[in-house]
Amino acid sequence: MQILIKDLANERRKVVASPSPATDKIFFAGTSGRLLLRLDDRLLLFETQSRRILSELQVQRVKYVHWSPNNAFVALISKHGITIASRELDQLCSISETVRVKGGVWDSHSKVFVYTTLNHVKYCLTSGDTGTLRTLDMPVYLTQVLKGKLHCLDRECKTRILSIDMTEANFKLALESKNYAEVMHIIRHARLCGEALVAYLQDRGYPEVALHFVKDLTTRFKLAVACGNIQVALSTAYELGDDVSWHHLGVEALRQGNYQVVEMAYQRTKNFERLSFLYLLTGNTDKLRKMLKIAEMRHDLMARFHNALFLGDAEERMRVLEDAGQLALAYLTSATHGLTEQAERLGDRIGPTAISIQRSLELQRGDDSCALLLQPPTPIVRAENWPLLAVSRMSMYELLDSQSRYAPEQDDEDSGETWEAQLGSDIPLSRDVVDEVPGGWDDELELEDELMTATAAIEGSQISTGIMREDDGQAPFHAPPSGVAPMAVWCETACHAAYHAAAGSFETGMHLLYRQIAVVEFRPLKQAFMARALSSLHSLPGLPLALAVVMPVRGQTLTETRASLLPVIPLNMAQLIDLLKHAYKEFQRGNFVTSERIFRTILRTLPLYVAETRAEAQEVKELVEICREYVSAIRIKNANGESQGVRQMELSAYFTHCNLQPAHLALALNLAMSQSFRGGNYIHAASYARRILELPDVAMAKADLRSKAAVVLKKSEENARNEQRLNFDERNPYVLDCAELVPIYKGTPLVTCAFCGSNYKACMKGAICVTCRLSVIGVETLGLVTQSQTKRQ
């Protein structure tokens with residue numbers, strides 16, 4: 001076999017003989033003058049100039065070769081595996097998949113290789129760490145990964161752009177490259193969790209970092225013990241309250257010489273033997289005597305003897321032996337240590353045995369034997385805890401306790417004119433910095449008229465601080481304020497409806513909500529609008545016969561730019577989470593009217609909620625989805641109670657496919673299982689029973705639910721028939737029509753609500769959403785604006 005080398009004009013320049021006749025394919029080798037030659041079981045790195053093999057790699061039959069952007073690494077894709085190698089074809093890691101690998105591509109800005117299988121998008125680092133980014137409805141073929149966007153083609157050759165979260169991959173990459181500043185930035189601003197991540201950090205030797213992601217008390221305790229963090233382990237042990245945790249805490253504290261925690265652990269576990277020995281080592285004779293009294297109260301003869309031995313109390317040892325029925329040993333102890341009265345009393349009780357013991361003692365004394373009283377050793381230093389050597393920690397742990405360069409005060413700050421000036425433009429731009437706008441892109445939006453209208457509207461409705469005149473029924477005189485009113489600045493600079501409501505310009509705020517999420521029904525939002533307007537002003541009493549001075553409440557800012565003078569919105573995520581927890585409790589209790597009212601209250605609050613960070617903005621979107629699912633679930637439950645027969649079983653089936661918490665899903669499955677079993681649909685009842693058995697134990701509201709499901713499953717499998725035909729196919733993907741509460745199967749035209757995302761049939765376009773009762777169905781909009789944005793000045 002020969003290799004032909006041609007130039008760009010398709011003219012032959014060189015002919016090189018292949019080093020192996022079994023070569024069946026050639027790949028680019030990352031640099032000019034080199035080729036990758038594929039054989040059946042290996043890959044050869046061939047240099048055409050010297051005509052020699054530089055390296056070879058044992059790998060299964062390679063289908064695709066992908067080089068990293070800097071050509072430092074190469075990904076070799078086989079049918080069911082991926083091999084990552086260096087430029088010199090040195091293997092770095094190898095990954096095997098159980099399904100076919102469709103393709104892959106390197107991230108444009110990092111050493112992360114992203115690849116797809118039949119139904120997953122996964123990533124791989126050069127160190128061999130892997131993970132799953134998202135699932136797929138259908139296979140796709142990757143073309144590029146850029147800024148969290150996955151550009152790909154589907155089987156119909158249509159371009160698609162999928163959103164992926166690269167946070168976990170970037171976190172592992174930063175940890176591998178020891179970029180601790182980036183690690184701390186991700187910890188403080190991203191939402192990382194999962195047992196896999198905790199296990200990964202433990203394997204890499206960073207249990208202290210894993211503590212930031214763990215909420216499970218048992219796992220948190222194990223991590224704290226592993227990294228030697230006694231304080232965290234102690235607080236977690238208090239919350240756990242089990243003897244096993246306190247025992248492990250005592251072992252670790254003893255290893256560090258923290259006697260106070262060791263004593264506390266032994267006391268909580270009632271480990272009296274270890275506690276007595278601890279007091280012996282520390283020379284705490286007072287507490288040893290207390291342990292002796294405790295042993296007497298517990299009627300524990302062995303513990304009494306040990307404590308008496310530790311204290312060197314011969315008389316107490318004699319009493320313990322006497323109480324144990326060992327009269328001879330008690331007599332020997334009293335006679336040896338000079339306890340004459342006790343020896344005479346015991347000698348009368350044991351009779352002839354006392355004479356033989358006395359003779360033995362005399363013989364020993366005649367042999368010049370030195371019998372000494374056993375006394376506990378005296379500690380050299382009496383201290384509470386062992387002194388610890390101060391050792392400088394690595395930079396990773398220093399960053400855990402200090403503020404990194406990604407301070408929240410700087411990272412979460414709204415983009416004002418300072419950033420815009422640095423970008424060289426008057427409007428906020430993307431990450432691609434534009435230095436000069438060419439003439440071909442001069443089709444800009446003319447917003448001056450709109451801004452003037454908004455300014456005039458707010459200036460017409462603004463609150464004045466002048467003095468009123470009460471003569472002849474004429475209009476009161478308002479002294480014109482100096483400069484631009486702050487509330488006019490809010491409407492000029494902010495694109496969030498909450499700031500317009502705070503300024504008192506309800507009309508412009510409503511207009512923004514209509515343009516962003518197609519809100520047309522504003523009566524449910526009246527309370528939220530009034531709350532924003534009233535909370536943005538404070539009143540100061542003025543002089544006698546004068547009006548109070550009304551002033552706006554501004555946020556605390558570091559700069560005095562127009563964009564930074566936005567009002568304070570007195571609503572935070574913690575308040576919404578408390579409301580959500582309350583709604584969950586009412587749902588669990590079956591108070592569906594109260595629960596639905598709380599969920600709708602949260603929905604009506606979110607359009608006027610301002611998120612401070614991207615993570616908080618994501619939480620707002622998640623809250624919208626949670627409220628939508630629970631409102632739909634409550635509507636289904638209410639309709640289920642009013643229906644009978646086939647319709648009732650259909651509604652209970654739809655109820656089980658709402659995205660609920662595991663404990664609430666168990667209740668829904670129990671309802672559907674019971675109704676289907678009573679209605680004779682044993683196949684559906686068996687399906688619900690299996691889903692109940694697959695739920696975790698913590699999701700079970702009733703202890704007997706699992707056993708009940710097992711019985712229903714057994715009886716349903718014996719009958720194995722459905723007596724009623726339902727409009728429900730759990731194997732066919734569907735979404736719920738929130739108007740008629742019927743399924744809309746895949747492929748059927750549908751429309752959605754611009755705010756809450758509820759689904760409807762196409763005939764409902766133009767109607768008001770029944771879930772949120774705010775927005776028009778089927779209108780394509782920008783979507784809910786969660787973070788504050790500023791307009792062009």
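The values are calculated or read from the model by the stated rules, or taken from the named source; none is laboratory data. Remember, predicted model here, so these are calculated numbers, not experimental data. Here the Cβ is made from the backbone with ideal geometry for all residues, glycine too, and neighbour counts use every protein chain on show. All accessible areas refer to the heavy atoms of the entire protein, side chains included, with ligands and DNA or RNA removed. Shrake-Rupley method; radii C 1.70, N 1.55, O 1.52, S 1.80 Å.
Across the range 570-579, computed HN-Hα scalar couplings (Karplus, 6.51 cos²θ - 1.76 cosθ + 1.60, θ = phi - 60°) run x, 8, 10, 5, 4, 5, 5, 5, 4, 4 Hz from first to last residue, x flagging Gly and Pro. Coupling constants for the range 305-316 follow from the phi torsions by the Karplus curve (6.51 cos²θ - 1.76 cosθ + 1.60, θ = phi - 60°), and in residue order they are 5, 5, 5, 5, 5, 5, 7, x, 9, 5, 5, 5 Hz; glycine and proline get x. Report note on the peptides 609-622, 145-158: ranked by the mean count of other C-beta atoms within 10 Å, highest first, their order is 609-622, 145-158. Remark on I744: its backbone amide H falls under 5 Å from those of V735, L736, D737, a criterion applied only to residues 5 or more positions apart or on other chains, H modelled at 1.01 Å from N. Positive-end ranking of L162, L76, Y115 along the dipole of the range 69-188, with charges on Cβ about the Cα centre, is headed by L162. Summing Cβ point charges (Lys, Arg +1; Asp, Glu -1) relative to the Cα centre of the range 1-110 gives a dipole of roughly 340 debye. Counting only heavy atoms of the protein chains and using a 1.4 Å probe, K765 has close to 140 Å² of accessible surface.
In the range 54-182, the convex hull through the Cα atoms has an average projected area of 8.0 nm², a quarter of its surface area.
Entry note, the range 610-703: relative contact order of 22 percent, from Cα contacts under 8 Å with a spacing of 6+ residues.
Each peptide in 2-9, 299-306, 85-92 receives the mean, over its residues, of other Cβ atoms within 10 Å, and ordering these scores from highest gives 299-306, 85-92, 2-9.
Close amide H contacts of S18 (hydrogens built in the peptide plane, cut-off under 5 Å, sequence separation of 5 or more or a different chain): Q2, I3.
For a straight C-alpha distance cut-off of 26 angstrom, the lysines reachable from K290 (same-chain residues fewer than eight places away being disregarded) are K270.
Between the amide H of L54 and those of L45, F46, E47, distances stay under 5 Å, these residues lying 5 or more places away or on another chain, with hydrogens modeled in the peptide plane. Put R690, R725 in order of accessible area, highest first, and with a 1.4 Å probe you get R725, R690. With θ taken as phi - 60° and the Karplus curve 6.51 cos²θ - 1.76 cosθ + 1.60 applied, the whole-hertz 3J(HN,Hα) list for the range 649-665 is 5, 5, 5, 5, 5, 5, 4, 6, 9, 7, 7, 10, 5, x, 5, 6, 5 Hz, x standing for glycine and proline.
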